[in-house]
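Below: one structure, written as structure tokens.
No lab work stands behind these numbers, since they all come straight from the coordinates. Being a predicted model, the structure only gives us computed values, none of them experimental. All Cβ positions, glycine included, derive from the backbone under ideal geometry; neighbour counts span all protein chains shown.
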């Protein structure tokens with residue numbers, strides 16, 4: 001009689017270390033908090049394996065694996081979007097992340113402009129933050145509009161098996177490639193603002209608007225990385241595969 005052997009912890013660790021960051025978070029979203037703790041990029045850098053990411057960032061893989069194991073024991077339940085339909089995932093992205101951007105980008109723009117105008121002479125880095133944010137805001141607004149008007153409607157139709165006879169972009173992989181490049185650019189601008197503000201830490205003399213701006217940027221940073229992860233690691237690969245399957 002053959003008894004199935006349970007995989008050892010070493011085997012489990014080996015499996016985890018060779019999976020991509022994006023797929024690990026897609027399987028269990030709460031892993032994102034662990035990767036954030038170690039500065040591992042699971043959104044735009046989500047295609048690299050956990051082992052590769054640790055080597056690149058000089059992080060101890062053993063410590064990360066230990067924290068992931070501890071994280072498994074949490075009682076918090078988080079939605080696993082791998083099990084959702086593409087339509088459900090798009091609904092979530094639009095109602096949660098896109099709506100958040102539509103509310104927060106204009107609010108943070110006003111704060112960034114005010115802080116730069118009032119404090120820019122003594123804190124020139126905040127003038128640079130305002131300039132970067134203005135570009136960031138404009139690009140994200142154009143980006144989400146393209147998704148809502150072109151890419152997402154096509155993906156919804158694919159899932160309902162109502163395909164366009166000849167989509168203007170040829171294949172869904174083409175606009176997805178553009179969206180991923182724009183994600184990378186947005187992530188680079190966030191990284192620049194993070195560095196300019198010392199990880200969004202206000203100085204002791206910061207006024208209320210300054211503190212509100214940095215607090216808002218910190219929250220925006222978190223939300224956008226989750227947003228990008230949902231698209232890059234789940235929605236986009238599944239949409240590409242769905243289109244391939246439909247043409248067989």
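What to note about this one:
- Computed over segment 50-137, the percent of Cα pairs more than 21 Å apart is 64.
- Beyond 26 Å, the tail of the calculated P(r) for segment 104-248 holds 38 percent of the Cα pairs.
- Neighbour counting of Cβ atoms within 10 Å sorts the residues 107, 156, fewest neighbours leading, into 107, 156.
- Rg to Rh, two decimals, where segment 9-72 supplies the alpha carbon set and Rh follows Kirkwood: 0.90
- Computing volume of the Cα convex hull per residue in Å³ directly from the structure and comparing it against (i) 136; (ii) 117; (iii) 165 singles out (iii).
- Taking the centroid of alpha carbons for each part, segment 80-124 and segment 144-195 are 18 Å apart.
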